[in-house]
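First comes the structure, then the notes that go with it.
The values are calculated or read from the model by the stated rules, or taken from the named source; none is laboratory data. Given the structure is predicted, the values throughout are model-derived calculations rather than measurements. Neighbour counts run over all protein chains shown; Cβ positions are idealised from the backbone, glycine included. Please note that ligands, DNA and RNA were not included when accessible areas were found on the heavy atoms of the full protein model with its side chains. Shrake-Rupley method; radii C 1.70, N 1.55, O 1.52, S 1.80 Å.
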Amino acid sequence: MGELILCKKPIAAVPYYIEDVSLNIYSLEELCYYVAHNAYLINSDFASYELSGWIGREVGKEEEKILNNMLDEEKPLHVYIEALLNFCDYLPGEEIRNVVEIISSFENKSPIECSKIRADRLLDKGNIVYAIYEYESILDKCDKKEVSKEFIGDIWHNLAVCYSRLFFFKEASVCFEYAYQLNRKKISLEAMLCTYRCMRDEE
């Protein structure tokens with residue numbers, strides 16, 4: 001069943017297009033809904049003069065001025081998002097604080113670390129396929145000179161967890177083995193042995 005969003009602000013004649021997810025946004029409430037439910041996907045590119053301009057046209061020039069001033073002063077992303085969420089009454093204060101806390105956890109981290117946080121949150125929420133895409137993308141971009149073997153091993157481990165939850169035990173066992181070779185963690189070794197048992201591979 002879908003969720004009904006009561007919009008107190010005007011419905012946009014021209015929607016705001018979020019390219020990352022190919023989504024048209026028609027109201028400030030809908031934008032706040034997207035941010036609240038996809039906080040782990042929000043990155044620094046989200047805060048832009050283009051978004052501020054859309055809000056200015058569809059919501060009000062004062063709100064646009066506030067957001068543009070933040071961009072001019074290079075305020076952190078979580079400050080921009082907090083102001084945006086406070087422009088309407090869609091989210092209560094506690095939920096706004098939770099969203100801001102999630103977004104601030106990405107700041108001052110490398111792009112690779114941010115990608116892992118996003119992938120981990122996707123996995124936690126049960127979005128397994130998207131998590132797999134994210135982990136594989138990290139491994140494709142990962143430069144072993146920039147990150148530790150343990151970090152890469154942990155990515156392989158979580159990728160293996162994704163495959164396990166889809167019952168792809170053969171693929172999972174390979175990933176767990178790569179993970180253990182890199183992070184030398186007992187949990188990766190035990191998980192690898194469990195996947196062999198699930199495949200009835202006694203050897």
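Across region 152-167, the qualifying residues are those that are in contact with a Lys or Arg (Cβ under 8 Å, 6 or more places away or on another chain) and hydrophobic (A, V, I, L, M, F, W, C), and the one among them that is nearest to D124 (Cα to Cα) is I155.
A single member of Y196, Y178, Y163, Y133 is of a type in the set (S, T, Y) and either under 13 Å from the mean Cα position of the chain (by Cα) or not in a helix (DSSP H, G or I) (or both), and it is Y133.
Among the residues of region 90-130, how many are of a type outside the set (G, A, S), in a helix (DSSP H, G or I) and under 18 Å from L77 (Cα atoms)? Walk me through it before giving the result.
Of all residues in region 90-130, those of a type outside the set (G, A, S) come to 90-92, 94-103, 106-109, 111-114, 116-118, 120-125, 127-130.
Now drop any that are not in a helix (DSSP H, G or I), which leaves 94-103, 111-114, 116-118, 120-124, 128-130.
Within this subset, residues satisfying the condition of being under 18 Å from L77 (Cα atoms) are 95-103, 111-114, 117-118.
Summing the residues that are of a type outside the set (G, A, S), in a helix (DSSP H, G or I) and under 18 Å from L77 (Cα atoms) in region 90-130 gives 15.
Taken over region 148-166, the residue count meeting the criterion of being aliphatic (A, V, I, L, M) and under 15 Å from E190 (Cβ atoms) is 2.
Can you name the residue in region 77-89 that is part of a loop (DSSP other than H, G, I, E, B) and open to solvent by less than 60 Å² (accessible area, probe 1.4 Å) and, of all such residues, is nearest to S48 (Cα to Cα)? Break it down into steps so the answer makes sense when it comes.
Within region 77-89, the subset part of a loop (DSSP other than H, G, I, E, B) is 86-89.
Going one step further and asking which of them are open to solvent by less than 60 Å² (accessible area, probe 1.4 Å), we end up with 87-88.
On the way: F87: 16, C88: 19 Å.
The qualifying residue nearest to S48 (Cα to Cα) is F87.
Being acidic (D, E), modelled with pLDDT of 85 or more and open to solvent by 30 Å² or more (accessible area, probe 1.4 Å) is a property that does not hold for E3.
Filtering S188, S148 for residues that are buried (at least 17 other Cβ atoms within 10 Å of the Cβ) and either among the acidic types (D, E) or over 20 Å from the mean Cα position of the chain (by Cα) (or both) leaves a single hit, S188.
Among the residues of region 17-27, just one is within 17 Å of S44 (Cα to Cα) and among the hydroxyl-bearing types (S, T, Y), namely Y17. Only one of the listed residues (K170, K185, K149) is among the basic types (K, R) and under 23 Å from N127 (Cβ atoms). That residue is K170. When region 18-34 is limited to residues that are of a type in the set (D, E) and farther than 22 Å from N98 by Cα, the one that is farthest from the chain's Cα centre (by Cα) turns out to be E19.
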